[in-house]
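Here's the structure we're looking at; comments come further down.
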Amino acid sequence: MTRMLRWLVVLVVLVVTAWYGRGLMAETPVGVKLVSASSGTVESSVTNSRAGTVRARRRADLSPEASGRVLGVPFEEGAQVAAGDLLVRLDDTLPAALLSQAERQLEASEARRDEACVHARRTERELERNRKLAGEQIISADVLDRLESAHEAALAACSTAQAQTMAAQATIPVARAELAKTKLFAPFDGVLARVGVEVGEWVTPAPPLMPVPAVIDLIDTSSIHISAPMDEVDSAVIRTGQEARVTLDPFPGQSFAGHVRRVAPFVLDLETQNRTVEIEVELADSTFAATLLPGTSADVEVIIEAVDDVLRIPAACLMEGGRVLLLVDGHLRERSIESGLRNWDWIEVVSGLAPGEQVVSSLGRVEVKAGALASDESDSTPRP
């Protein structure tokens, strides 16, 4: 009986201790962080669905139009060139010789034409003179017929020579065009991103629809822009001229101002579950843009709408249903607010809070809920 009594006493002590400990825990305030509702700017924005890319508005893959051995490559990779600069020169021995041959053939044809037409004019004068003699019956009709036949033959020879001369003239532009194909010139100012040929190598034009690498990759660095895919659901709110912010991997922690220059008039369906609309963003600092390397990855944020000098709170302070928590007399109290514009960082407060009122920002803990006993553990350092 004494032993049973001892166990009963122990059990009562444990129950009392547990109940008392629970009461102590219930009375321990949970630490929360508070931030004040303050005035500032709130923006509504959309971002790219996949990484964007720095691109040049003009970029050309260039190759000579003719086959041949390379005799000259005046510029190295990375060089700045101007429109009209010679980039690649091929051996032009054969096309130059063909042009010279065509020119000599034209000269010979012109000489034959001149001779034939002079003879035709001579036979014409002879015919006119003998027609007068035939009218005076000094010569016979047979002689006059032979003269007329001779004149017609001379005229035909003159016409034939003229046609042959025209044909010879037509070969000159063709020969010159073939000769011109041995030289590759820059079509615009730019930087040689790639020079894929060396002196002595043989180059051959790519057949149609054949993916053969180009000899020269020329980039116009004066027209750099950012191309970014935006989710198709955002296409209805994106317009040309809207402000944008660009972040670039080579410049961590920095953003660069720009504006939407172009919105594609169609949706890309490269991925069935992620259809996008391509936009182009032009940076405000064109000098800086010209230093960017095409192909660099970039992220774009397009500012759809912005309001200045409005009451705002951090987005992390808003709970479901448009509610926030306030610390009132040591306890957490819920309050509903009406919100306006919002983004990942800030939410505009239309009504429900006054400037300077503090709301709970540390909502991630289970203990942080309406009615809980709480204390302020906010950092005393002012928010930027």
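The values are calculated or read from the model by the stated rules, or taken from the named source; none is laboratory data. Bear in mind that the values here come from a model prediction, so they are computed numbers and not experimental data. FYI the Cβ positions are ideal-geometry reconstructions off the backbone, even for glycines, and counts take in every protein chain you see.
For the residues 97, 83, 79, the requirement of being touching a strand residue (DSSP E or B) at 6+ places or on another chain (Cβ under 6 Å), surrounded by fewer than 15 Cβ atoms within 10 Å (Cβ to Cβ) and either within 30 Å of residue 169 (Cα to Cα) or not β-branched (Val, Ile, Thr) (or both) singles out 79.
Considering the conditions (1) closer than 30 Å to residue 73 by Cα; (2) among the aliphatic types (A, V, I, L, M); (3) without any contact (Cβ under 8 Å) to a residue 60 or more places away in the chain, residue 236 is excluded by exactly one of them, (1). Any chance segment 115-132 includes a residue that's farther than 30 Å from residue 150 by Cβ and not in a strand (DSSP E or B)? Within segment 115-132 (the criterion being farther than 30 Å from residue 150 by Cβ and not in a strand (DSSP E or B)), the answer is no, since none of the residues qualifies. Could you tell me whether residue 191 is in contact with a helix residue (DSSP H, G or I) (Cβ under 8 Å, 6 or more places away or on another chain) and at pLDDT below 90? No, not satisfied. Of the candidates 159, 109, 140, the single residue that is of a type in the set (S, T, N, Q), without any contact (Cβ under 8 Å) to a residue 12 or more places away in the chain, within 27 Å of residue 172 (Cα to Cα) and assigned by TED's automatic domain parsing to the domain that holds residue 172 is 159. Scan segment 175-183 and give yes if some residue there is within 30 Å of residue 117 (Cβ to Cβ) and either in contact (Cβ under 8 Å) with a residue 40 or more places away in the chain or among the hydroxyl-bearing types (Ser, Thr, Tyr) (or both), otherwise no. Yes, some residue in segment 175-183 is within 30 Å of residue 117 (Cβ to Cβ) and either in contact (Cβ under 8 Å) with a residue 40 or more places away in the chain or among the hydroxyl-bearing types (Ser, Thr, Tyr) (or both).
In this structure, does residue 103 turn out to be outside any loop (DSSP other than H, G, I, E, B), in contact (Cβ under 8 Å) with a residue 60 or more places away in the chain and of a type in the set (D, E, K, R)? Step through it out loud before you land on a result.
On the way: outside any loop (DSSP other than H, G, I, E, B): yes; in contact (Cβ under 8 Å) with a residue 60 or more places away in the chain: yes; of a type in the set (D, E, K, R): yes.
Criteria met by residue 103.
Restricting attention to segment 142-199, which residues are closer than 30 Å to residue 104 by Cβ and aromatic (Phe, Trp, Tyr)? 185 - this is the single residue of segment 142-199 that is closer than 30 Å to residue 104 by Cβ and aromatic (Phe, Trp, Tyr).
Selection of segment 289-343 for residues being part of a helix (DSSP H, G or I) and in contact with a helix residue (DSSP H, G or I) (Cβ under 9 Å, 6 or more places away or on another chain) yields only 289. Suppose the filter is under 16 Å from the mean Cα position of the chain (by Cα) and among the acidic types (Asp, Glu); does residue 299 pass it? Spelling it out, residue 299 is indeed under 16 Å from the mean Cα position of the chain (by Cα) and among the acidic types (Asp, Glu). Are any of the residues in segment 271-292 touching a residue at least 60 places away in the same chain (Cβ under 8 Å), closer than 28 Å to residue 243 by Cβ and not assigned by TED's automatic domain parsing to the domain that holds residue 253? Scanning segment 271-292, I find no residue that is touching a residue at least 60 places away in the same chain (Cβ under 8 Å), closer than 28 Å to residue 243 by Cβ and not assigned by TED's automatic domain parsing to the domain that holds residue 253, so the answer is no. Going through 324, 360, 349 one at a time, which residue ends up being under 41 Å from the mean Cα position of the chain (by Cα) and crowded, with 18+ Cβ neighbours inside 10 Å? Residue meeting the stated conditions: 349. Checking each residue in segment 344-380 for being part of a strand (DSSP E or B), of a type in the set (Asp, Glu) and closer than 16 Å to residue 38 by Cβ picks out only 348. Cβ separations smaller than 7 Å between residues 6+ apart or across chains give the following pairs from segment 296-325 residues that are touching a residue at least 12 places away in the same chain (Cβ under 8 Å) and on the phi > 0 side of the Ramachandran plot to residues that are part of a strand (DSSP E or B) and polar (S, T, N, Q): 309/39; 322/336; 322/339. Within segment 327-346, being without any contact (Cβ under 8 Å) to a residue 60 or more places away in the chain and buried (at least 16 other Cβ atoms within 10 Å of the Cβ) holds for 337, 339.
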